[in-house]
Amino acid sequence: MCGIVGYTGKKNAVPILLSGLRKLEYRGYDSAGIAVSTEKGIEIVKLKGKVRKLEDKLLSYPLIGHCGIAHTRWATHGKPSAKNAHPFRYKNFSIVHNGIIENWKSAKDELISLGYKFTSDTDTEVALICFYDLYKKLGINAAITKLTEKLKGRYTFLFIDENKPNEIIGIKSGNPLVIGQNSDAVFAASDITALLSFTKKAYFMEDGQFFVAKGSSLKFYDFAGKKIEKSPEEIKWDVKEAERGGYKHYLLKEIMEQPDSLNRVMAGRLNLFDDELRETIAPKGRIICTACGTSYNAALCFKYFFNMLTGRSVTVENASEFRYQPFDLDSDSLVIVLSQSGETSDTKEALLIAKTAGTNTLAIVNSWESSIARMADNRIYMNIGPEISVASTKAYSAEVMLLYLLALRIAGEMGVSKEKLQIWRDKLSLVPEICTHYLSNITNIESIARKYYKNKNFFFIGRGIGYPVAVEGALKLKELSYIHAESYAAGEMKHGPISLIDNDFPTIAIAPDNKQRAVLFSNIEEIKSRMGQILLISDKKLEGCDILIMPEIDSWLSPFVYILPLQLLSYYIANLLGNDVDQPRNLAKSVTVE
Ligand code: F6R
């Protein structure tokens with residue numbers, strides 16, 4: 001959470017930092033701030049609110065300087081306010097921070113006992129004053145070494161120093177930091193999208209490293225202060241992919257571009273990863289998938305598909321639970337982690353636990369060179385370009401597609417016939433076209449949204465592969481519209497939830513043509529008999545139900561096709577309610593705290 005950005009070079013730092021902040025705002029957006037080394041020394045402008053508000057303020061309070069740092073915040077320590085917004089300043093130093101200092105309280109008490117005073121409730125100010133105290137006693141390099149020994153937690157800092165007006169120092173321990181360089185400047189940011197407009201040459205910092213940059217000069221060190229060599233990488237994402245491309249919101253763009261992104265996911269992969277995964281991956285032991293949120297929901301689809309294909313079961317676990325769960329992992333197991341950002345704290349920790357147990361690990365990620373991508377034994381990239389909108393859409397379908405293809409690969413290694421696998425490859429290869437056709441012929445989703453948007457509660461139900469689609473549909477609706485939405489395997493309704501049904505509590509039923517549909521339709525009748533309204537997502541009409549009519553497809557493809565009306569419905573409802581669809585309240589895209 002939180003986005004940090006830094007610049008040192010020949011140009012005015014302010015527009016570059018603001019452009020970076022706009023790209024990073026998905027990481028948190030409750031306050032924003034900027035610190036620039038100007039002719040008067042370090043000057044800071046910060047406030048509660050979004051980057052747009054900071055830009056307005058800078059119009060009446062312009063800053064000019066060639067070096068600076070900036071921040072967009074998702075509050076952890078201390079509520080959103082100008083006082084708790086970054087950057088912080090102490091004496092000659094200013095800091096921005098992404099992460100959490102776990103031992104902030106004891107460090108703060110110690111500094112207070114030394115006579116230091118604090119102006120905010122944040123752990124960041126503790127880190128800054130701690131750094132200053134060490135710097136005063138030891139000088140800069142030894143202060144960095146000591147600071148990193150002293151602080152517990154996961155943190156990435158950028159510092160500027162009034163005494164060295166063109167210099168930035170960046171420290172990485174746990175949270176991401178990418179450095180870009182061109183012929184006249186160095187850029188630093190939490191993720192590469194903030195750098196794409198300026199350079200494609202990037203250095204990915206590892207934990208335990210810091211950098212010092214001045215103008216275009218750039219040096220890397222380890223925490224012991226030893227100089228290290230790093231090689232730059234060429235960033236493959238295109239700057240256009242991080243823009244809205246004529247759509248009103250990133251969310252709508254990302255929903256609509258799924259046929260294209262699925263084509264990109266599949267390109268070269270219908271050979272079932274022969275180029276990417278050279279060794280056998282079917283484990284003798286268990287297969288466990290772990291992830292958070294939407295990525296977890298994608299893994300639920302894999303569980304059903306893999307079981308249908310091979311008869312074997314897969315365990316799917318929330319990463320936040322997995323990390324504390326004593327699973328009997330060993331070298332015969334395979335742990336698959338999924339993460340769009342590649343930085344989700346719980347998923348990262350779950351991966352670490354699997355690795356420590358000697359288990360073979362495979363990561364499915366979108367963000368290039370992210371921590372999770374680097375840590376796993378094997379990695380598969382989604383290749384869908386950046387997902388900017390906070391609610392995940394195209395990463396979900398990409399994850400499901402990669403998992404389906406992976407299921408085919410593992411099934412093949414387990415002896416499932418080539419003919420059977422080929423039938424599935426043929427079906428999957430048609431998915432982008434089916435999605436394009438569906439998206440170009442949508443008619444009544446907006447009117448359905450208008451009918452339902454004032455309701456306060458929704459159930460989402462499904463059976464078989466319709467169930468994980470219902471789970472993801474409910475998550476999309478609640479995070480975008482702030483309406484209470486709960487998902488259930490339809491058979492569970494009569495074990496309790498049905499008691500909530502009345503005329504004001506509609507149910508959205510995901511009803512693809514699978515073998516469970518007849519019994520799902522009976523469950524729908526039970527709801528209707530209790531005055532519950534039903535919105536059916538199906539290719540088959542049912543009397544007394546609203547319907548979003550779907551194409552006739554193999555039910556196993558519903559995670560790609562049936563999810564589209566659910567994403568769009570959530571989008572339209574959120575719009576009708578006047579919500580910020582790209583940056584829903586209280587959320588952040590990259591969840592780097594536990
Ligand atoms: C929901 C959403 C979140 C993420 C979750 C995991 O729309 O975006 O639930 O799916 O925070 O994020 P990643 O995939 O980056 O690990």
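The values are calculated or read from the model by the stated rules, or taken from the named source; none is laboratory data. On a predicted model such as this, the values are computed, not experimentally measured, just so you know. Cβ sites come from the backbone with ideal geometry, for glycine too, and all protein chains shown count toward neighbours.
Of the listed requirements (1) out of contact with any Cys (no Cβ under 7 Å at 6 or more places or on another chain); (2) within 24 Å of Ala127 (Cβ to Cβ), Ser60 misses just one: (2). Restricting the first member to region 392-412 and to residues that are within 16 Å of Ser555 (Cα to Cα), and the second to residues that are within 11 Å of the ligand (Cβ to nearest atom) and in a helix (DSSP H, G or I), the beta-carbon pairs closer than 6 Å and six or more apart or on different chains are Val400/Ala298. Restricted to region 584-594, and to residues there that are of a type outside the set (Gly, Ala, Ser) and surrounded by 24 or more Cβ atoms within 10 Å (Cβ to Cβ), the residue that is farthest from Tyr438 (Cα to Cα) is Thr592.
Of all residues in region 330-353, those that are in a loop (DSSP other than H, G, I, E, B), surrounded by fewer than 23 Cβ atoms within 10 Å (Cβ to Cβ) and not small (Gly, Ala, Ser) total 2. Name every residue in region 254-292 that is within 15 Å of the ligand (Cβ to nearest atom) and among the charged types (D, E, K, R), in order of residue number. Hit for region 254-292 is Glu254, nothing else. Please determine whether any residue of region 563-582 is of a type outside the set (A, V, I, L, M, F, W, C) and at pLDDT below 95. Yes - at least one qualifying residue is present in region 563-582. Of the strands (runs of 3 or more DSSP E) lying entirely inside region 31-79, those carrying at least 1 residues that are in contact with a helix residue (DSSP H, G or I) (Cβ under 7 Å, 6 or more places away or on another chain) and surrounded by fewer than 23 Cβ atoms within 10 Å (Cβ to Cβ) are 41-48. Inspection of region 373-384 identifies at least one residue that is within 26 Å of Glu479 (Cα to Cα) and out of contact with any strand residue (DSSP E or B) (no Cβ under 8 Å at 6 or more places or on another chain). Just one of the listed residues (Arg264, Arg312) is among the charged types (D, E, K, R) and within 30 Å of Lys236 (Cα to Cα), and it is Arg264. Going through (1) out of contact with any Cys (no Cβ under 6 Å at 6 or more places or on another chain); (2) of a type in the set (A, V, I, L, M, F, W, C); (3) buried (at least 20 other Cβ atoms within 10 Å of the Cβ) one by one, Leu577 falls short only on (3). Of all residues in region 488-504, at least one satisfies being part of a helix (DSSP H, G or I) and under 16 Å from Lys540 (Cβ atoms).
So which residues in region 221-255 are charged (D, E, K, R), in a loop (DSSP other than H, G, I, E, B) and surrounded by 14 or more Cβ atoms within 10 Å (Cβ to Cβ), if there are any at all? Scanning region 221-255 gives Lys230, Glu243, Arg244. When Ala127, Ala142 are checked against the criterion of being of a type in the set (Gly, Ala, Ser) and either part of a loop (DSSP other than H, G, I, E, B) or free of Cβ contacts under 8 Å to residues at least 60 places away in the same chain (or both), Ala127 stands alone in meeting it. Do you know which of the residues in region 426-437 that are under 23 Å from Met308 (Cα atoms) and surrounded by fewer than 17 Cβ atoms within 10 Å (Cβ to Cβ) is farthest from the chain's Cα centre (by Cα)? My answer is Asp426. A Cβ distance below 6 Å, combined with a sequence gap of six or more or placement on separate chains, defines the contacts here; from region 574-590, residues that are away from the ligand (no atom under 14 Å from the Cβ) reach residues that are not hydrophobic (A, V, I, L, M, F, W, C) in the pairs Leu576/Tyr453; Leu577/Ser481.
With respect to (1) under 27 Å from Asp580 (Cα atoms); (2) among the β-branched types (Val, Ile, Thr); (3) within 29 Å of the chain's Cα centre (by Cα), the lone exception for Ile410 is condition (1). Considering region 438-482, the residues that are among the charged types (D, E, K, R), part of a helix (DSSP H, G or I) and crowded, with 20+ Cβ neighbours inside 10 Å include one that is farthest from the ligand (Cβ to nearest atom), namely Glu472.
Phe305 meets the conditions (1) within 16 Å of the ligand (Cβ to nearest atom); (2) within 26 Å of Gly412 (Cβ to Cβ); (3) surrounded by 22 or more Cβ atoms within 10 Å (Cβ to Cβ) in every case but one. The failed one is (1). Part of a helix (DSSP H, G or I) and among the β-branched types (Val, Ile, Thr): does that describe Ile364? Criteria not met by Ile364.
Yes or no: Glu276 among the acidic types (Asp, Glu), in a helix (DSSP H, G or I) and closer than 26 Å to Glu399 by Cα? No, not satisfied. Look at region 256-273 and say how many of its residues are among the aliphatic types (A, V, I, L, M) and either farther than 23 Å from Phe305 by Cα or part of a strand (DSSP E or B) (or both). Selection size over region 256-273: 1. Ser197 meets all of the listed conditions (1) more than 27 Å from Thr347 (Cα to Cα); (2) in a strand (DSSP E or B); (3) within 27 Å of the chain's Cα centre (by Cα) but one, namely (2).
Look through Leu535, Leu568, Leu548 and report the one residue that is more than 30 Å from Glu349 (Cα to Cα), within 16 Å of the ligand (Cβ to nearest atom) and buried (at least 18 other Cβ atoms within 10 Å of the Cβ). None of the others qualify; the one that does is Leu568. Just name the residue that is surrounded by the most Cβ atoms within 10 Å (Cβ to Cβ) out of those in region 376-395 that are in a loop (DSSP other than H, G, I, E, B) and of a type in the set (Val, Ile, Thr). Residue satisfying both the conditions and the ranking: Thr393.
Scanning region 316-368 for residues that are over 17 Å from the mean Cα position of the chain (by Cα) and either of a type in the set (D, E, K, R) or near the ligand (Cβ under 10 Å from one of its atoms) (or both) yields Glu317, Glu321, Arg323, Asp328, Asp330, Asp332, Lys355. A count restricted to region 369-413 and to residues that are of a type in the set (Ser, Thr, Tyr) and away from the ligand (no atom under 15 Å from the Cβ) stands at 1.
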